[in-house]
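> There's a structure below that I have some questions on.
The values are calculated or read from the model by the stated rules, or taken from the named source; none is laboratory data. Since we're looking at a predicted model, the values are computed, not measured. Note that each Cβ is placed from the backbone with ideal geometry, even for glycine, and that neighbours are counted across all protein chains shown.
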Protein chains: 4
Amino acid sequence: MVKTEHFLEVRYYETDQMGIVHHSNYIRYFECGRNAMLKEMDLPIEKVEEAGVMMPVVAVDCRYRTPARMGDTLRIVSMIDTMPTAKVVIKSEIYNQDDALVCSGSVTLGFIDAATRRPVRCPKILVDLFADKI
Amino acid sequence: MVKTEHFLEVRYYETDQMGIVHHSNYIRYFECGRNAMLKEMDLPIEKVEEAGVMMPVVAVDCRYRTPARMGDTLRIVSMIDTMPTAKVVIKSEIYNQDDALVCSGSVTLGFIDAATRRPVRCPKILVDLFADKI
Amino acid sequence: MVKTEHFLEVRYYETDQMGIVHHSNYIRYFECGRNAMLKEMDLPIEKVEEAGVMMPVVAVDCRYRTPARMGDTLRIVSMIDTMPTAKVVIKSEIYNQDDALVCSGSVTLGFIDAATRRPVRCPKILVDLFADKI
Amino acid sequence: MVKTEHFLEVRYYETDQMGIVHHSNYIRYFECGRNAMLKEMDLPIEKVEEAGVMMPVVAVDCRYRTPARMGDTLRIVSMIDTMPTAKVVIKSEIYNQDDALVCSGSVTLGFIDAATRRPVRCPKILVDLFADKI
């Protein structure tokens, strides 16, 4: 399994009038986490895109447990435990500074050719990246 | 079943460098749709909150089919087919101007007392609202 | 002078923990207003971009007067009173449903060639659009 | 003068279909920068708010120079050179990893009593914070 952690602080504009982080932002934090994973593996998403592959999101789900608030430092855990094929599934968990589970979910990404905009299989640069780790 | 439709146009800032609407924004469109539903039923969310009840999101899932783009007018269909109890589930579908399914999903909301921040059952004003419609 | 009006409702996720619309969102509303202006003039921004011209923002300023809140319907007034040359300046004012001035400001846009990413003068399609109106 | 630096990485969802960071996001980065300043001075914004004072934005301006892109690490420089009274002005500059100026601007904040929502002078906790530094 590939598993990485990424830390980020709640931003003021991410809160809503309930005084907590708006639920849509955790979906964005998931993205921050998985892009940090790619960067850590020396293949940042912008390099993937330069290689002609885009990775649109196919599905997402999230269960919210403990609301995050301004002042919180969040830990986003991103996990891939199955070799990417036509799609890749990233499991994500977010914890606050007290190690309380803020939310958990999964995101499924597809692969499309940037030029033709048609689905392709997971590109070799990514397969190679994960090959000996999953 | 309660079922409403709400229309909105894609905003430029909602697109990302793939040239399509960023996936997190559909989660926000779902919210626009269900808040428009409440408004249409003469109980806008700000009135619910004034009555001392907040409705945090407990879970969300979304499957993406056809990307929305700048220039698209989207139709958000929001549906409630089960009487709210401790939670309420809203099913949502988004279609573009060509009636292509952009995405579909569901959102589960809980109810909390604004003062104590503790979970409560669906408040009477909402139960009454849905009572004869579901 | 070209002057258009565009209406939009405050969205829940646009509020912050002060209980008002986050200040950054008015900058986005300005964009919604000017893009609605272009659309009304039958030249939506996506057509401008298809013609190979992009319009990045060069400068923005905004003065905030009355905070907007959830439930508000906002009227965005967009005005162009000077013929676009290397740049175009759009003055914007936002009013709420009680006609109170929410904020006012101006946005300066440049023009760049989408292919070369170099500055160009205002494209003819836009000059023609405004020619007899300013 | 109080001057602090805060680093952040461009997030994918902050880009738009021009392939650059949407201009509204720099206004948000400014906020991240000044909140990091307050945190560094041991008075994070949530503590200011707990003390009953809210700091709404009164005015903002920004001039954009070099677009930021996915993969960029930005340095937000926040500066206060005048003692806060009824308002406080924060000058901000954002640089990329090549030290190119991305944008610069200023933000004026007011102070309001959280309970009454009426303007107040800069609270003592903030005056004391800046007293010997400006």
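> Pairs please, first residue from region D:76-96 and within 12 Å of D:PHE30 (Cα to Cα) and modelled with pLDDT of 95 or more, second anywhere and surrounded by fewer than 18 Cβ atoms within 10 Å (Cβ to Cβ) and aromatic (Phe, Trp, Tyr), Cβ atoms under 8 Å, 6+ apart in sequence or on different chains.
Hits for this filter: D:ILE76/D:PHE7.
> Let me ask something else about it. Kindly indicate whether any position in region A:21-36 is more than 14 Å from the chain's Cα centre (by Cα), within 24 Å of A:ALA115 (Cα to Cα), of a type outside the set (D, E, K, R) and part of a strand (DSSP E or B). Don't jump to the end; show me each part of the working.
Residues of region A:21-36 more than 14 Å from the chain's Cα centre (by Cα): A:21-23.
Applying the additional criterion that residues be within 24 Å of A:ALA115 (Cα to Cα) yields none.
The answer is no, given that none of the residues of region A:21-36 is more than 14 Å from the chain's Cα centre (by Cα), within 24 Å of A:ALA115 (Cα to Cα), of a type outside the set (D, E, K, R) and part of a strand (DSSP E or B).
So that you can scan it fast, the table gives a plain yes or no per residue for (1) under 15 Å from D:LEU126 (Cα atoms); (2) touching a residue at least 12 places away in the same chain (Cβ under 8 Å); (3) not hydrophobic (A, V, I, L, M, F, W, C):
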position: D:HIS22; (1), (2), (3): no, no, yes
position: D:TYR26; (1), (2), (3): no, yes, yes
position: D:TYR29; (1), (2), (3): no, yes, yes
position: D:ASN35; (1), (2), (3): yes, no, yes
position: D:GLU40; (1), (2), (3): yes, yes, yes
position: D:VAL48; (1), (2), (3): yes, yes, no
position: D:ALA51; (1), (2), (3): yes, yes, no
position: D:MET54; (1), (2), (3): yes, yes, no
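> I'd like the full set of residues that are in contact with an Asp or Glu (Cβ under 6 Å, 6 or more places away or on another chain) and more than 9 Å from every other protein chain (Cβ to nearest Cβ), limited to region B:1-23.
Residues satisfying the conditions are B:MET1, B:THR4, B:VAL10, B:VAL21.
> Mind counting the residues in region A:46-62 that are in a strand (DSSP E or B) and either of a type in the set (Val, Ile, Thr) or farther than 15 Å from A:ASN35 by Cα (or both)?
Of the residues in region A:46-62, the ones in a strand (DSSP E or B) are A:53-54, A:57-62.
Still in the running and either of a type in the set (Val, Ile, Thr) or farther than 15 Å from A:ASN35 by Cα (or both): A:53, A:57-62.
Within region A:46-62, residues that are in a strand (DSSP E or B) and either of a type in the set (Val, Ile, Thr) or farther than 15 Å from A:ASN35 by Cα (or both) number 7.
> Anything in region A:91-134 that is over 19 Å from A:ILE76 (Cβ atoms) and in contact with a Lys or Arg (Cβ under 7 Å, 6 or more places away or on another chain)? List them, or say none.
Listed by number, the residues that qualify are A:GLY110, A:PHE111, A:ILE112.
> Quick one: would you say B:LEU43 is in a strand (DSSP E or B), more than 13 Å from the chain's Cα centre (by Cα) and either buried (at least 20 other Cβ atoms within 10 Å of the Cβ) or away from chain A (no Cβ under 13 Å) (or both)?
So B:LEU43 fails the test.
> Is it the case that C:VAL58 is within 12 Å of chain D (Cβ to nearest Cβ) and either of a type in the set (A, V, I, L, M, F, W, C) or within 28 Å of D:SER106 (Cα to Cα) (or both)? Give the steps one after another, and end with the answer.
On the way: within 12 Å of chain D (Cβ to nearest Cβ): yes; either of a type in the set (A, V, I, L, M, F, W, C) or within 28 Å of D:SER106 (Cα to Cα) (or both): yes.
In short, yes.
> Continuing with this model, one more query. May I ask you to verify whether A:TYR26 is hydroxyl-bearing (Ser, Thr, Tyr), touching a His at 6+ places or on another chain (Cβ under 7 Å) and either more than 10 Å from every other protein chain (Cβ to nearest Cβ) or crowded, with 18+ Cβ neighbours inside 10 Å (or both)? Full working, then the answer.
Numbers: hydroxyl-bearing (Ser, Thr, Tyr): yes; touching a His at 6+ places or on another chain (Cβ under 7 Å): no; either more than 10 Å from every other protein chain (Cβ to nearest Cβ) or crowded, with 18+ Cβ neighbours inside 10 Å (or both): yes.
For A:TYR26, the condition - hydroxyl-bearing (Ser, Thr, Tyr), touching a His at 6+ places or on another chain (Cβ under 7 Å) and either more than 10 Å from every other protein chain (Cβ to nearest Cβ) or crowded, with 18+ Cβ neighbours inside 10 Å (or both) - is not met.
> Residues that are small (Gly, Ala, Ser), away from every other protein chain (no Cβ under 12 Å) and buried (at least 18 other Cβ atoms within 10 Å of the Cβ), at least 2 per element: which strands (runs of 3 or more DSSP E) completely within region D:63-124 meet that? Walk me through it before giving the result.
Details: elements: D:73-80, D:87-95, D:101-110.
Answer list for region D:63-124: none.
> If you don't mind, there's one more thing I want to ask. Given the options C:THR108, C:THR85, C:THR73, name the one that is under 28 Å from D:VAL57 (Cα atoms), β-branched (Val, Ile, Thr) and over 10 Å from the mean Cα position of the chain (by Cα). Before you say what the answer is, go through the steps one by one.
Working: C:THR108 fails: over 10 Å from the mean Cα position of the chain (by Cα); C:THR85 fails: under 28 Å from D:VAL57 (Cα atoms).
On inspection, the qualifying residue turns out to be C:THR73.
> Sticking with this structure for a sec: Taking A:GLU31, is it surrounded by 18 or more Cβ atoms within 10 Å (Cβ to Cβ), of a type in the set (D, E, K, R) and at the interface with another protein chain (Cβ under 9 Å from one of its Cβ atoms)?
On the way: surrounded by 18 or more Cβ atoms within 10 Å (Cβ to Cβ): yes; of a type in the set (D, E, K, R): yes; at the interface with another protein chain (Cβ under 9 Å from one of its Cβ atoms): yes.
Answer is yes for this residue.
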